[in-house]
Amino acid sequence: MIGERIQQARKASGLSLRALAEKAGVTAMAISKYENNQSTPSSDVLLALAKALGVRVEYFFRQAAVKLEHVEYRHHPEMPEKEKGKIEADVQDQAERWVELEAFVPTPWSVPFEVPGNLPPKVNSYDEIEEVAASVREAWNLGRNLIPDLTDMFESHGIIVFAAGLDAGQQCDGLAAKANGKPVIVVNKDRPGDRQRFTLAHELGHLVLKRRLAKGLHVEMACNRFAGAFLVPKETVIKALGQRRTWLEPQELALLKAEFGLSMGGWTYRARDLGILPQTHMRSLWNHFREHGWDKKEPDPQYPQEKTRLFKQLIYRALAEDLIGESKAAELLGMSLKALHACRNMECPDEAAAHQ
Ligand SMILES: [Zn+2]
(Lines give C-alpha, C1' and ligand atoms only; values in the text may rest on other atoms or scores of the structure.)
Protein backbone atom coordinates (compact mmCIF):
# COMPACT_ATOMS: atom_id res chain seq x y z
CA MET A 1 0.00 0.00 0.00
CA ILE A 2 3.01 2.26 0.49
CA GLY A 3 3.70 1.61 -3.18
CA GLU A 4 0.55 3.38 -4.39
CA ARG A 5 1.41 6.35 -2.22
CA ILE A 6 4.92 6.64 -3.63
CA GLN A 7 3.55 6.44 -7.14
CA GLN A 8 0.88 9.03 -6.40
CA ALA A 9 3.41 11.47 -4.97
CA ARG A 10 5.69 10.88 -7.95
CA LYS A 11 2.86 11.58 -10.39
CA ALA A 12 1.87 14.68 -8.45
CA SER A 13 5.41 15.98 -8.76
CA GLY A 14 5.51 15.19 -12.46
CA LEU A 15 8.75 13.18 -12.13
CA SER A 16 9.56 10.12 -14.22
CA LEU A 17 10.94 7.02 -12.52
CA ARG A 18 14.38 7.95 -13.73
CA ALA A 19 14.14 11.58 -12.65
CA LEU A 20 13.04 10.57 -9.16
CA ALA A 21 15.78 7.97 -8.98
CA GLU A 22 18.37 10.62 -9.76
CA LYS A 23 16.95 13.07 -7.23
CA ALA A 24 16.65 10.52 -4.43
CA GLY A 25 19.88 8.63 -5.11
CA VAL A 26 18.31 5.21 -5.71
CA THR A 27 17.85 3.20 -8.90
CA ALA A 28 14.78 3.50 -11.10
CA MET A 29 14.40 -0.28 -10.82
CA ALA A 30 14.20 -0.04 -7.02
CA ILE A 31 11.54 2.67 -7.19
CA SER A 32 9.54 0.62 -9.66
CA LYS A 33 9.66 -2.28 -7.18
CA TYR A 34 8.55 -0.05 -4.31
CA GLU A 35 5.67 1.27 -6.39
CA ASN A 36 4.53 -2.24 -7.21
CA ASN A 37 4.87 -3.31 -3.58
CA GLN A 38 7.48 -5.88 -4.55
CA SER A 39 9.88 -4.50 -1.99
CA THR A 40 9.69 -2.07 0.92
CA PRO A 41 11.99 0.93 1.18
CA SER A 42 14.13 1.37 4.28
CA SER A 43 13.48 4.42 6.45
CA ASP A 44 16.53 6.18 5.01
CA VAL A 45 15.27 5.64 1.49
CA LEU A 46 11.79 6.79 2.47
CA LEU A 47 13.29 9.98 3.82
CA ALA A 48 15.21 10.56 0.61
CA LEU A 49 12.09 9.89 -1.47
CA ALA A 50 10.01 12.23 0.66
CA LYS A 51 12.59 14.98 0.26
CA ALA A 52 12.82 14.48 -3.48
CA LEU A 53 9.02 14.46 -3.83
CA GLY A 54 8.40 17.43 -1.57
CA VAL A 55 6.16 15.53 0.86
CA ARG A 56 6.50 14.55 4.49
CA VAL A 57 7.23 10.90 5.29
CA GLU A 58 3.78 10.57 6.89
CA TYR A 59 2.32 11.04 3.43
CA PHE A 60 3.43 7.53 2.44
CA PHE A 61 1.56 5.97 5.35
CA ARG A 62 -1.69 7.81 4.90
CA GLN A 63 -4.65 5.66 3.90
CA ALA A 64 -5.90 6.58 0.46
CA ALA A 65 -9.35 7.58 1.65
CA VAL A 66 -10.61 9.37 -1.42
CA LYS A 67 -11.95 7.98 -4.63
CA LEU A 68 -11.74 10.49 -7.46
CA GLU A 69 -14.28 9.79 -10.20
CA HIS A 70 -15.99 11.33 -13.23
CA VAL A 71 -13.11 13.66 -13.93
CA GLU A 72 -13.99 16.06 -16.72
CA TYR A 73 -11.64 18.68 -18.09
CA ARG A 74 -13.08 21.95 -19.26
CA HIS A 75 -12.20 23.42 -22.62
CA HIS A 76 -9.23 21.21 -23.24
CA PRO A 77 -10.18 17.68 -24.17
CA GLU A 78 -6.81 16.69 -25.57
CA MET A 79 -4.63 17.30 -22.56
CA PRO A 80 -1.74 14.80 -22.47
CA GLU A 81 -2.21 11.80 -20.16
CA LYS A 82 0.94 12.61 -18.22
CA GLU A 83 -0.37 16.08 -17.44
CA LYS A 84 -3.72 14.62 -16.38
CA GLY A 85 -2.05 12.16 -14.03
CA LYS A 86 -0.15 14.98 -12.37
CA ILE A 87 -3.26 17.13 -11.89
CA GLU A 88 -5.40 14.25 -10.66
CA ALA A 89 -2.76 13.16 -8.17
CA ASP A 90 -2.55 16.73 -6.89
CA VAL A 91 -6.34 16.98 -6.55
CA GLN A 92 -6.43 13.58 -4.87
CA ASP A 93 -3.83 14.77 -2.38
CA GLN A 94 -5.75 17.97 -1.61
CA ALA A 95 -8.98 16.01 -1.23
CA GLU A 96 -7.35 13.52 1.11
CA ARG A 97 -6.12 16.27 3.36
CA TRP A 98 -9.69 17.57 3.55
CA VAL A 99 -10.98 14.14 4.47
CA GLU A 100 -8.29 13.75 7.09
CA LEU A 101 -9.09 17.12 8.64
CA GLU A 102 -12.76 16.10 8.69
CA ALA A 103 -11.91 13.57 11.40
CA PHE A 104 -11.05 16.46 13.73
CA VAL A 105 -13.34 19.38 12.83
CA PRO A 106 -16.51 19.71 10.76
CA THR A 107 -15.57 20.66 7.19
CA PRO A 108 -17.62 21.21 4.01
CA TRP A 109 -17.34 17.45 3.52
CA SER A 110 -19.95 17.14 6.26
CA VAL A 111 -22.54 19.11 4.24
CA PRO A 112 -23.98 17.20 1.32
CA PHE A 113 -24.46 19.29 -1.83
CA GLU A 114 -28.10 19.60 -2.79
CA VAL A 115 -29.65 21.17 -5.84
CA PRO A 116 -32.17 23.72 -4.50
CA GLY A 117 -35.72 22.37 -4.48
CA ASN A 118 -37.31 25.46 -6.03
CA LEU A 119 -36.03 24.90 -9.58
CA PRO A 120 -38.27 24.22 -12.59
CA PRO A 121 -38.05 20.51 -13.55
CA LYS A 122 -37.59 21.29 -17.25
CA VAL A 123 -35.74 24.10 -19.00
CA ASN A 124 -37.02 24.70 -22.53
CA SER A 125 -35.02 27.71 -23.67
CA TYR A 126 -31.83 29.58 -22.86
CA ASP A 127 -33.94 32.46 -21.55
CA GLU A 128 -35.49 30.19 -18.93
CA ILE A 129 -32.02 29.67 -17.47
CA GLU A 130 -32.24 33.21 -16.08
CA GLU A 131 -34.98 31.96 -13.80
CA VAL A 132 -32.99 28.91 -12.72
CA ALA A 133 -30.01 31.09 -11.76
CA ALA A 134 -32.30 33.49 -9.89
CA SER A 135 -33.87 30.58 -8.00
CA VAL A 136 -30.46 29.28 -6.88
CA ARG A 137 -29.53 32.78 -5.69
CA GLU A 138 -32.80 32.97 -3.83
CA ALA A 139 -32.46 29.53 -2.25
CA TRP A 140 -28.96 30.41 -1.08
CA ASN A 141 -29.93 33.92 0.11
CA LEU A 142 -27.50 35.70 -2.18
CA GLY A 143 -29.57 38.78 -3.06
CA ARG A 144 -28.82 40.50 -6.36
CA ASN A 145 -25.42 42.01 -5.78
CA LEU A 146 -21.82 40.85 -5.97
CA ILE A 147 -21.01 37.45 -4.48
CA PRO A 148 -17.67 38.37 -2.90
CA ASP A 149 -16.05 34.97 -2.30
CA LEU A 150 -17.45 32.39 -4.61
CA THR A 151 -15.13 29.72 -3.27
CA ASP A 152 -16.21 30.13 0.36
CA MET A 153 -19.86 30.24 -0.68
CA PHE A 154 -19.54 27.05 -2.77
CA GLU A 155 -17.79 25.26 0.05
CA SER A 156 -20.48 26.21 2.53
CA HIS A 157 -22.91 24.41 0.21
CA GLY A 158 -20.89 21.22 0.03
CA ILE A 159 -18.98 21.84 -3.20
CA ILE A 160 -15.26 21.44 -2.67
CA VAL A 161 -13.10 23.93 -4.55
CA PHE A 162 -9.39 23.51 -5.20
CA ALA A 163 -6.94 25.63 -7.11
CA ALA A 164 -4.32 23.72 -9.06
CA GLY A 165 -1.62 24.49 -11.60
CA LEU A 166 -3.12 23.31 -14.87
CA ASP A 167 -0.14 23.81 -17.13
CA ALA A 168 -0.26 27.56 -17.72
CA GLY A 169 0.66 27.16 -21.39
CA GLN A 170 -2.55 25.30 -22.20
CA GLN A 171 -6.06 26.61 -22.42
CA CYS A 172 -7.59 24.62 -19.60
CA ASP A 173 -9.81 26.55 -17.22
CA GLY A 174 -10.45 23.79 -14.77
CA LEU A 175 -12.00 20.43 -14.16
CA ALA A 176 -14.91 18.93 -12.35
CA ALA A 177 -14.95 15.57 -10.59
CA LYS A 178 -16.54 13.63 -7.79
CA ALA A 179 -14.50 12.75 -4.71
CA ASN A 180 -16.22 10.18 -2.52
CA GLY A 181 -19.40 11.18 -4.34
CA LYS A 182 -19.07 14.87 -3.52
CA PRO A 183 -18.76 17.48 -6.24
CA VAL A 184 -15.28 18.92 -6.64
CA ILE A 185 -14.40 21.86 -8.85
CA VAL A 186 -10.80 22.64 -9.64
CA VAL A 187 -9.90 26.06 -11.00
CA ASN A 188 -6.69 26.98 -12.74
CA LYS A 189 -4.66 28.87 -10.15
CA ASP A 190 -2.91 30.93 -12.83
CA ARG A 191 -6.07 32.51 -14.24
CA PRO A 192 -7.38 35.94 -13.24
CA GLY A 193 -10.20 35.99 -10.71
CA ASP A 194 -12.99 36.76 -13.18
CA ARG A 195 -12.05 33.68 -15.24
CA GLN A 196 -11.96 31.51 -12.11
CA ARG A 197 -15.33 32.83 -11.00
CA PHE A 198 -16.83 32.12 -14.39
CA THR A 199 -15.45 28.57 -14.30
CA LEU A 200 -16.96 28.02 -10.84
CA ALA A 201 -20.35 29.37 -11.88
CA HIS A 202 -20.25 27.38 -15.14
CA GLU A 203 -19.56 24.17 -13.21
CA LEU A 204 -22.39 24.96 -10.82
CA GLY A 205 -24.50 25.22 -13.97
CA HIS A 206 -23.56 21.62 -14.86
CA LEU A 207 -24.66 20.44 -11.41
CA VAL A 208 -27.89 22.39 -11.42
CA LEU A 209 -29.00 21.92 -15.05
CA LYS A 210 -28.27 18.21 -15.19
CA ARG A 211 -31.26 16.31 -16.65
CA ARG A 212 -33.27 19.53 -16.88
CA LEU A 213 -32.34 20.75 -20.34
CA ALA A 214 -34.81 20.18 -23.16
CA LYS A 215 -33.56 18.46 -26.31
CA GLY A 216 -31.77 20.82 -28.69
CA LEU A 217 -30.22 22.98 -25.99
CA HIS A 218 -26.43 22.84 -26.03
CA VAL A 219 -25.12 21.94 -22.58
CA GLU A 220 -22.01 24.10 -22.65
CA MET A 221 -23.90 27.12 -23.96
CA ALA A 222 -26.57 26.57 -21.33
CA CYS A 223 -23.92 26.43 -18.58
CA ASN A 224 -22.31 29.61 -19.87
CA ARG A 225 -25.68 31.33 -19.80
CA PHE A 226 -26.21 30.06 -16.28
CA ALA A 227 -22.78 31.33 -15.20
CA GLY A 228 -23.48 34.84 -16.49
CA ALA A 229 -26.96 34.91 -14.99
CA PHE A 230 -25.71 33.57 -11.67
CA LEU A 231 -22.86 36.09 -11.41
CA VAL A 232 -25.00 39.08 -12.44
CA PRO A 233 -28.79 38.61 -12.41
CA LYS A 234 -30.96 40.07 -15.16
CA GLU A 235 -32.40 42.96 -13.09
CA THR A 236 -28.91 43.97 -12.01
CA VAL A 237 -27.66 44.00 -15.62
CA ILE A 238 -30.59 46.16 -16.76
CA LYS A 239 -30.08 48.51 -13.85
CA ALA A 240 -26.39 48.87 -14.71
CA LEU A 241 -26.66 49.12 -18.51
CA GLY A 242 -30.21 50.29 -19.24
CA GLN A 243 -32.82 48.64 -21.47
CA ARG A 244 -31.30 49.36 -24.85
CA ARG A 245 -27.78 50.20 -25.93
CA THR A 246 -25.86 50.74 -29.18
CA TRP A 247 -22.34 50.52 -27.75
CA LEU A 248 -20.67 49.72 -24.45
CA GLU A 249 -17.63 51.72 -23.41
CA PRO A 250 -14.60 49.65 -22.37
CA GLN A 251 -14.14 51.87 -19.30
CA GLU A 252 -17.74 51.26 -18.36
CA LEU A 253 -17.25 47.50 -18.68
CA ALA A 254 -13.99 47.60 -16.70
CA LEU A 255 -15.77 49.39 -13.82
CA LEU A 256 -18.61 46.86 -13.86
CA LYS A 257 -16.11 44.02 -13.91
CA ALA A 258 -14.44 45.43 -10.79
CA GLU A 259 -17.83 45.76 -9.13
CA PHE A 260 -19.29 42.34 -9.96
CA GLY A 261 -16.37 40.04 -10.79
CA LEU A 262 -17.72 39.24 -14.26
CA SER A 263 -15.27 39.83 -17.12
CA MET A 264 -15.75 42.67 -19.60
CA GLY A 265 -16.45 40.06 -22.25
CA GLY A 266 -18.96 38.44 -19.92
CA TRP A 267 -20.82 41.74 -19.63
CA THR A 268 -21.11 42.03 -23.42
CA TYR A 269 -22.69 38.55 -23.53
CA ARG A 270 -25.11 39.50 -20.76
CA ALA A 271 -26.06 42.62 -22.74
CA ARG A 272 -26.64 40.60 -25.91
CA ASP A 273 -28.45 37.69 -24.25
CA LEU A 274 -30.86 40.04 -22.49
CA GLY A 275 -31.66 41.93 -25.69
CA ILE A 276 -29.94 45.13 -24.55
CA LEU A 277 -27.24 45.13 -27.23
CA PRO A 278 -28.35 43.98 -30.70
CA GLN A 279 -26.22 41.32 -32.42
CA THR A 280 -24.85 43.73 -35.09
CA HIS A 281 -23.57 46.12 -32.41
CA MET A 282 -22.22 43.18 -30.45
CA ARG A 283 -20.18 42.22 -33.51
CA SER A 284 -18.62 45.68 -33.86
CA LEU A 285 -17.87 45.73 -30.15
CA TRP A 286 -16.06 42.42 -30.43
CA ASN A 287 -14.09 43.63 -33.46
CA HIS A 288 -12.95 46.47 -31.24
CA PHE A 289 -12.04 43.98 -28.49
CA ARG A 290 -10.03 41.85 -30.92
CA GLU A 291 -8.15 44.86 -32.34
CA HIS A 292 -6.84 45.51 -28.84
CA GLY A 293 -6.24 41.85 -28.00
CA TRP A 294 -8.80 42.02 -25.19
CA ASP A 295 -10.44 38.83 -26.44
CA LYS A 296 -7.27 37.01 -25.29
CA LYS A 297 -6.28 39.07 -22.25
CA GLU A 298 -8.49 41.75 -20.79
CA PRO A 299 -6.83 45.08 -19.96
CA ASP A 300 -5.23 45.57 -16.52
CA PRO A 301 -5.97 45.67 -13.66
CA GLN A 302 -6.93 41.98 -13.46
CA TYR A 303 -9.67 40.93 -11.07
CA PRO A 304 -8.20 39.45 -7.85
CA GLN A 305 -7.92 35.65 -7.83
CA GLU A 306 -10.20 33.48 -5.74
CA LYS A 307 -8.69 32.50 -2.42
CA THR A 308 -9.30 29.24 -0.60
CA ARG A 309 -9.07 30.13 3.06
CA LEU A 310 -11.34 27.64 4.78
CA PHE A 311 -8.96 24.67 4.81
CA LYS A 312 -6.16 26.62 6.50
CA GLN A 313 -8.54 28.35 8.86
CA LEU A 314 -9.97 25.02 10.06
CA ILE A 315 -6.50 23.59 10.60
CA TYR A 316 -5.55 26.53 12.83
CA ARG A 317 -8.85 26.20 14.63
CA ALA A 318 -8.20 22.52 15.31
CA LEU A 319 -4.67 23.39 16.41
CA ALA A 320 -5.92 26.11 18.77
CA GLU A 321 -8.24 23.65 20.51
CA ASP A 322 -5.63 20.87 20.66
CA LEU A 323 -7.71 18.70 18.37
CA ILE A 324 -4.56 18.14 16.32
CA GLY A 325 -0.90 18.52 17.19
CA GLU A 326 1.65 20.67 15.40
CA SER A 327 3.06 17.80 13.44
CA LYS A 328 -0.35 16.87 12.04
CA ALA A 329 -1.11 20.53 11.29
CA ALA A 330 2.18 20.91 9.45
CA GLU A 331 1.50 17.77 7.44
CA LEU A 332 -1.99 18.89 6.46
CA LEU A 333 -0.73 22.33 5.52
CA GLY A 334 2.07 20.78 3.50
CA MET A 335 4.80 22.71 5.32
CA SER A 336 7.70 21.96 7.65
CA LEU A 337 7.37 22.24 11.42
CA LYS A 338 9.76 25.16 11.32
CA ALA A 339 7.54 26.96 8.82
CA LEU A 340 4.49 26.24 10.96
CA HIS A 341 6.18 27.74 14.02
CA ALA A 342 6.97 30.86 12.05
CA CYS A 343 3.37 31.04 10.78
CA ARG A 344 2.03 30.76 14.31
CA ASN A 345 4.15 33.82 15.11
CA MET A 346 2.63 35.57 12.10
CA GLU A 347 5.88 35.41 10.16
CA CYS A 348 5.05 32.96 7.39
CA PRO A 349 8.01 32.17 5.18
CA ASP A 350 7.46 31.95 1.40
CA GLU A 351 7.69 28.17 1.64
CA ALA A 352 4.42 28.15 3.58
CA ALA A 353 2.66 30.21 0.97
CA ALA A 354 3.72 27.84 -1.81
CA HIS A 355 1.33 25.05 -0.90
CA GLN A 356 -1.92 27.00 -1.31
ZN1 LIG B 1 -19.02 22.87 -19.20
| remark: Helix 128-139 sits off the longest principal axis of the Cα atoms of the chain, rounded to the nearest 10 on a 0 to 90 degree scale, by 60 degrees
| Using only helices, what value at 222 nm comes out for the chain when you add -39,500 (n - 2.57) per DSSP H run of length 4 or more and divide by the total residues, to the nearest 500 deg cm²/dmol? | -15500 deg cm²/dmol
| query | Taking Cα centroids, how far is the range 81-147 from the range 266-343 in Å? | reply | 15 Å
| field | Spatially proximal aspartates and glutamates relative to Lys210 (Cα-Cα < 15 Å; intrachain offsets below 8 disregarded) | value | Glu72, Glu114, Glu128, Glu220
| query | Pairing the Cα long axis of helix 81-102 with the longest principal axis of the chain, what angle in degrees results, from 0 to 90 and rounded to the nearest 10? | reply | 80 degrees
| remark: Between Glu4 and Glu58, the two model label points (7 Å from Cα along the beta-carbon direction) sit apart by a distance in nm of 2.1 nm
| query | Averaged per residue, what accessible area in Å² does the range 88-220 show with a 1.4 Å probe, protein chains only? | reply | 40 Å²
| remark: Whole-Hz Karplus couplings 3J(HN,Hα) for the range 284-291, θ = phi - 60° and coefficients 6.51, -1.76, 1.60, Gly and Pro as x, run 5, 5, 6, 4, 4, 4, 5, 4
| message | Need one value: the accessible area of Tyr34 in square angstrom, 1.4 angstrom probe, rounded to the nearest 10. | response | 20 Å²
| note | Counting only residues 5 or more apart in sequence or on a different chain, those whose built amide H sits under 5 Å from that of Lys182 are none
| field | Under the Karplus curve 6.51 cos²θ - 1.76 cosθ + 1.60, θ = phi - 60°, whole-Hz ³J(HN,Hα) for the range 197-206, x wherever Gly or Pro sits | value | 5, 5, 4, 4, 5, 4, 5, 4, x, 4
| Orientation-averaged projected area, Cα convex hull of the range 28-120 (nm²) | 9.7 nm²
| said: As a test question: what accessible area, to the nearest 10 Å², does Ser336 have when a 1.4 Å probe is rolled over all protein chains in place? | reply: 40 Å²
| note | Nearest-0.05 FRET efficiency for Leu323 and Asn180 at R0 = 22 Å, using Cβ-Cβ distance, is 0.55
| Pairs of lysine residues in the range 9-168 - Cα separation under 15 Å, sequence separation of 8 or more or cross-chain | 6
| request: Take each of the peptides 286-299, 95-108, average the number of other beta-carbon atoms within 10 Å over its residues, and list them starting from the highest. | output: 95-108, 286-299
| task | For Val123, enumerate residues with amide H under 5 Å from its amide H, sequence gap 5+ or separate chain, H modeled in the peptide plane. | result | Leu213, Ala214
| field | Note, ³J(HN,Hα) from phi for the range 115-123, Karplus 6.51, -1.76, 1.60, rounded to Hz, x at Gly and Pro | value | 6, x, x, 8, 8, x, x, 10, 10
| DSSP-defined beta bridges in the chain - what % are antiparallel, rounded to 5 | 65 percent
| When the dipole is taken about the Cα centre of the range 1-149, and only Lys, Arg (+1) and Asp, Glu (-1) are charged at their Cβ, what size is it in debye, to the nearest 20? | 800 debye
| Label-reachable residues, the range 258-290, where backbone N falls under 15 Å from a point 7 Å from Met153's Cα toward its Cβ | 258-263
| said: Please report the carbon-and-sulfur percent of the accessible area for the range 5-60; probe 1.4 Å, protein heavy atoms only, DNA, RNA and ligands left out. | reply: 51 percent
| field | Potential lengthening between Lys338 and Asn36 on full extension [0.36 nm per residue; Cα-Cα distance subtracted] | value | 105.4 nm
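Summarise the accessible area of the range 274-329 (1.4 Å probe, protein heavy atoms) by the percent that is carbon and sulfur.
Answer for the range 274-329: carbon and sulfur cover 52 percent of the accessible area.
The values are calculated or read from the model by the stated rules, or taken from the named source; none is laboratory data. The structure presented is a predicted model; accordingly, all values stated were derived computationally and were not measured. Don't worry about glycine lacking a Cβ; one is built from the backbone with ideal geometry, like all the others, and counts go over all protein chains shown. The accessibility values were calculated without ligands, DNA or RNA, using every heavy atom of the protein model including side chains. Shrake-Rupley method; radii C 1.70, N 1.55, O 1.52, S 1.80 Å.
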